[in-house]
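Engineer: Take this structure, written in structure tokens, and hold onto it; I'll ask about it next.
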Amino acid sequence: MSLVTPTAVGGPALAQERRLVTAIPGPRSRGLAERQGRAVARGVSTTMPVFAAAAGGGVVVDVDGNSLIDLGSGIAVTTVGNSAPRVVEAVTAQAAAFTHTCFMITPYEGYVAVAEQLNALTPGDHAKRTALFNSGAEAVENAVKIARAYTGKDAVVAFDHAYHGRTNLTMALTAKNQPYKSGFGPFAPEVYRAPLSYPYRDGLTGAEAARRAISTIETQVGAENLAALVIEPIQGEGGFIVPAEGFLPALVQWCHANDVVFIADEVQSGIARTGAMYASEHEGIVPDLVVTAKGVADGLPLSAVTGRAEIMDAAGPGGLGGTYGGNPLAVAAALATLETIRQDGLLDRAREIGALLLGRLRDLQARDARVGDVRGRGAMIAVELVDPVTAQPDAALAKAVAGAAHAAGVIVLTCGTYGNVLRFLPPLSISDGLLTEALDVLDDVFEEIK
């Protein structure tokens with residue numbers, strides 16, 4: 001008998017199983033894809049060839065009745081599980097009360113409550129303030145605005161392989177040209193790039209990589225011109241790159257010595273994803289500003305900038321905000337999401353998932369030389385696929401493996417500057433049984449693709 005999970009309070013339950021009743025995609029999905037082609041701009045592409053009808057626990061059910069194991073969580077968004085019961089209940093109650101007033105016009109308690117919780121949860125015990133927005137990119141852009149207002153300086157440094165969003169400024173911060181930047185310039189000025197610690201590729205210790213990055217910054221930008229350094233503690237779209245130990249603390253120390261604001265973009269790595277509330281905690285760093293989004297509201301659009309009170313308050317009244325920022329439904333979802341993490345022990349669960357994933361994927365690596373690296377923390381794990389002789393990135397293999405997994409009913413995402421990384425972001429509500437079955441499918445796919 002399959003396990004079941006509620007998709008909504010009082011609603012139907014989804015069997016927690018991989019089930020294929022048609023080929024992928026099925027006829028209804030193919031019909032919807034034809035409609036998409038006629039109605040939706042081609043720049044909005046999709047990874048999976050199926051259309052969702054329901055989701056919960058560790059599965060997504062498509063319009064043809066196929067049940068797919070979810071190792072993507074909508075790109076690290078449905079961390080507590082799709083339509084998690086507490087979230088559905090909270091959003092339903094809030095929708096019945098009011099859906100919008102604009103916090104800047106008529107404020108409401110939910111916004112304040114989320115700010116209080118993020119002030120408490122982000123690293124550091126200093127006085128903090130929070131401002132709420134809609135998307136990760138919007139929050140990153142506002143973090144840069146705040147840093148510039150505080151320091152009176154203009155320049156910003158981002159890193160190789162970075163991804164920070166699709167607005168004009170965050171495209172400038174993002175390293176990868178295709179598909180994010182090509183043809184969309186010119187970009188915001190005063191953005192510079194430094195080399196990241198990439199242990200698999202550069203072989204440097206954290207201290208060595210930090211010296212290299214700092215030398216680049218001091219030579220090409222100058223601390224006297226630099227408002228902020230923006231970095232993902234574990235890179236997301238760039239390939240789930242975990243910097244060598246000591247790299248991040250050295251950068252924080254340099255920033256504090258040179259009046260530079262250290263901004264941690266925790267859009268993908270935050271909110272319990274790595275087995276800590278924030279990935280910054282793994283090396284004990286305390287960012288000046290932390291950017292939160294994705295998993296904080298279980299699928300409703302919400303993001304935040306949280307940081308030192310004196311920095312956050314540098315922007316004057318009216319300098320921050322937005323019509324929908326901290327929408328009542330989104331903050332209700334966020335409060336329920338954070339409660340679910342606490343009540344259901346999901347930090348521990350993320351670490352358990354990480355142990356299972358790392359064990360199985362390292363076994364695969366020992367058998368298959370095309371798996372060059374296995375890395376990540378908690379439920380944010382990746383494998384880098386390479387030519388077994390040259391170690392050059394193999395994007396074609398990553399694409400083939402992901403496509404075969406999709407056809408077999410497993411949602412797997414790719415990423416990486418070179419397109420050669422498979423990433424695993426399962427919801428923390430997934431069962432060990434489903435996760436093991438998905439990895440069994442992956443093993444079979446690697447055996448089939450030679």
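The values are calculated or read from the model by the stated rules, or taken from the named source; none is laboratory data. As the structure is a prediction and not an experimental result, all values here were calculated from the model. We place every Cβ from the backbone using ideal geometry, glycine too, and count neighbours over all the protein chains shown.
Engineer: For region 191-272, list the helices (runs of 4 or more DSSP H) that sit wholly inside it and hold at least 2 residues that are out of contact with any strand residue (DSSP E or B) (no Cβ under 6 Å at 6 or more places or on another chain), over 26 Å from ASP154 (Cβ atoms) and assigned by TED's automatic domain parsing to the domain that holds TYR150; which are they?
Structural biologist: It comes to 199-202, 206-220.
Engineer: Does GLU352 count as of a type in the set (Asp, Glu) and surrounded by 21 or more Cβ atoms within 10 Å (Cβ to Cβ)?
Structural biologist: The answer is no for GLU352.
Engineer: Restricting attention to region 163-179, and to residues there that are of a type outside the set (Val, Ile, Thr) and touching a helix residue (DSSP H, G or I) at 6+ places or on another chain (Cβ under 6 Å), which single residue is surrounded by the fewest Cβ atoms within 10 Å (Cβ to Cβ)? Spell out how you get there, then give the answer.
Structural biologist: As a first pass, look at region 163-179 and keep what is of a type outside the set (Val, Ile, Thr): 163-166, 168-169, 171-173, 175-179.
The next check asks that each one be touching a helix residue (DSSP H, G or I) at 6+ places or on another chain (Cβ under 6 Å); those that pass are 164-166, 169.
Working: HIS164: 32, GLY165: 23, ARG166: 14, LEU169: 21.
Filtering first and then ranking leaves ARG166.
Engineer: Going by the conditions given, is THR306 β-branched (Val, Ile, Thr), under 22 Å from ALA96 (Cβ atoms) and either within 19 Å of the chain's Cα centre (by Cα) or part of a loop (DSSP other than H, G, I, E, B) (or both)?
Structural biologist: It is false that THR306 is β-branched (Val, Ile, Thr), under 22 Å from ALA96 (Cβ atoms) and either within 19 Å of the chain's Cα centre (by Cα) or part of a loop (DSSP other than H, G, I, E, B) (or both).
Engineer: A follow-up question, please. So how many residues does region 73-124 have that are under 17 Å from ALA54 (Cα atoms), among the β-branched types (Val, Ile, Thr) and not in a loop (DSSP other than H, G, I, E, B)?
Structural biologist: So the count comes out to 3.
Engineer: Go through (1) crowded, with 23+ Cβ neighbours inside 10 Å; (2) not assigned by TED's automatic domain parsing to the domain that holds ASP373 for LEU357 and report which single condition fails.
Structural biologist: The single condition LEU357 does not satisfy is (2).
Engineer: A follow-up question, please. Being within 21 Å of ASP432 (Cα to Cα) and without any contact (Cβ under 8 Å) to a residue 40 or more places away in the chain narrows it down to one residue among VAL374, VAL412, VAL389; which is it?
Structural biologist: VAL374
Engineer: Additional query: I'd like the full set of residues that are touching a Lys or Arg at 6+ places or on another chain (Cβ under 9 Å) and either under 13 Å from LEU121 (Cα atoms) or aliphatic (A, V, I, L, M) (or both), limited to region 237-260.
Structural biologist: Those that are touching a Lys or Arg at 6+ places or on another chain (Cβ under 9 Å) and either under 13 Å from LEU121 (Cα atoms) or aliphatic (A, V, I, L, M) (or both): ILE241, VAL242, ALA250, VAL260.
Engineer: Which of the following residues is of a type outside the set (A, V, I, L, M, F, W, C) and under 18 Å from THR47 (Cβ atoms): THR436, THR414, THR390?
Structural biologist: Answer to the check: THR414.
Engineer: Ok, one more. Go through region 401-436 residue by residue and tally those that are within 29 Å of VAL296 (Cβ to Cβ) and in a helix (DSSP H, G or I).
Structural biologist: The number of residues fulfilling the criteria is 8.
Engineer: Checking the condition within 21 Å of VAL242 (Cα to Cα), surrounded by fewer than 19 Cβ atoms within 10 Å (Cβ to Cβ) and of a type in the set (Asp, Glu), which residue from GLU208, GLU218, GLU190 passes?
Structural biologist: The conditions single out GLU208.
Engineer: Tally time: how many residues in region 376-393 are of a type in the set (Val, Ile, Thr) and closer than 13 Å to LEU364 by Cβ? Please lay out each step first, then the result.
Structural biologist: We begin by selecting, within region 376-393, every residue of a type in the set (Val, Ile, Thr); these are 381, 383, 386, 389-390.
Among the residues that remain, those that are also closer than 13 Å to LEU364 by Cβ are: 381, 383.
Of the residues in region 376-393, 2 are of a type in the set (Val, Ile, Thr) and closer than 13 Å to LEU364 by Cβ.
Engineer: On to the next question. State yes or no: is ALA162 modelled with pLDDT of 95 or more, of a type in the set (Gly, Ala, Ser) and over 17 Å from the mean Cα position of the chain (by Cα)?
Structural biologist: On the way: modelled with pLDDT of 95 or more: yes; of a type in the set (Gly, Ala, Ser): yes; over 17 Å from the mean Cα position of the chain (by Cα): no.
No: the conditions fail for ALA162.
Engineer: Right, another one. Scan GLY299, GLY246, GLY239 and give me the residue that is on the phi > 0 side of the Ramachandran plot and without any contact (Cβ under 8 Å) to a residue 60 or more places away in the chain.
Structural biologist: Among GLY299, GLY246, GLY239, only GLY246 is on the phi > 0 side of the Ramachandran plot and without any contact (Cβ under 8 Å) to a residue 60 or more places away in the chain.
Engineer: Out of TYR180, TYR163, report the one residue that is within 17 Å of ILE234 (Cβ to Cβ) and in a loop (DSSP other than H, G, I, E, B).
Structural biologist: Testing whether each residue is within 17 Å of ILE234 (Cβ to Cβ) and in a loop (DSSP other than H, G, I, E, B) leaves just TYR163.
Engineer: Can you name the condition, by its number, that GLY65 falls short on among (1) on the phi > 0 side of the Ramachandran plot; (2) part of a helix (DSSP H, G or I); (3) not β-branched (Val, Ile, Thr)?
Structural biologist: Against the list (1) on the phi > 0 side of the Ramachandran plot; (2) part of a helix (DSSP H, G or I); (3) not β-branched (Val, Ile, Thr), GLY65 comes up short only on (2).
The rows are residues; the columns are (1) modelled with pLDDT under 95; (2) farther than 27 Å from GLY270 by Cβ; (3) crowded, with 19+ Cβ neighbours inside 10 Å; (4) not charged (D, E, K, R).
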| position | (1), (2), (3), (4) |
| --- | --- |
| THR5 | yes, no, yes, yes |
| PRO12 | yes, yes, no, yes |
| PRO25 | no, yes, yes, yes |
| GLY58 | no, no, yes, yes |
| GLU89 | no, no, no, no |
